[in-house]
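Each remark here refers to the structure printed beneath this line.
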Amino acid sequence: MRLYIGEVKKEVGRTLQDTVSEIFHPLMWEGEKVLFAQPVKVEMTLTNCGSEILVLGRLSTVLLLSCSRCLEPFLHPLKVEFRLELRNVDRLHRPSDVEAEAEETDEIRYFCENDTYIDVTQDIEELILVNLPMKPLCRPDCLGICPRCGTNLDQGKCSCEEDNLDPRLAVLKTWKAL
Ligand SMILES: [Zn+2]
Ligand SMILES: [Zn+2]
């Protein structure tokens, strides 16, 4: 994904609204594939602040994740607001400036005086990954799969359920059957 900065960088104080939409390749996250069910849409405002261009954006897309309990794929809409600083490397005079500023925050990307586009694919991918749910669930009360027979308990009961009874309660079960 590339941001056009040719217009906004012409003059300090200039502001530009832009919307970019792009289909992303699947991402890998903790050994799982994260698929995109919709293009990644980024609405943003770029502001020329002199030696940097400030990008305030809103990212939205729909991901296809696997439920951590029942393992079924489900759609997960994602909306993230972000702030990204694009620094003009030719206007940072001392090399130590670059290092000092790089330590401040991760959300910084550098460009050169002659650049008209900046590739932010990596920044957007990182943004998506850090905003993924720790334990993706198809619904908050997903019952998951039976550890014995693998039946998806969200789609119906399995017959193992009774056998999973606490042995101490098994006595009670015999008693009830009489
Ligand atoms: Zn589930
Ligand atoms: Zn079962």
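Could you check, for the stretch 57-77, whether at least one of its residues is of a type in the set (Ser, Thr, Tyr), surrounded by 14 or more Cβ atoms within 10 Å (Cβ to Cβ) and not in a strand (DSSP E or B)?
The answer is yes; a qualifying residue exists.
I need the full set of residues from the stretch 60-87 which are away from ligand 1 (no atom under 16 Å from the Cβ) and of a type outside the set (Asp, Glu), in order please.
Ser60, Thr61, Val62, Pro77, Leu78, Lys79, Val80, Phe82, Arg83, Leu84, Leu86, Arg87
With the requirement that a residue be within 13 Å of ligand 1 (Cβ to nearest atom) and among the small types (Gly, Ala, Ser), what does the stretch 138-155 give you?
Scanning the stretch 138-155 gives a single hit, Gly144.
Go through the stretch 127-162 and give me each residue that's within 10 Å of ligand 2 (Cβ to nearest atom) and part of a loop (DSSP other than H, G, I, E, B).
Cys146, Pro147, Arg148, Cys149, Gly150, Thr151, Leu153, Lys157, Cys158, Ser159, Cys160
Read-outs: derived from the displayed coordinates by stated rules, not from any lab. Since the structure is predicted, the reported quantities are computational estimates derived from the model, not experimental observations. Glycine also receives a Cβ, built like all others from the backbone with ideal geometry; neighbour counts cover every protein chain displayed.
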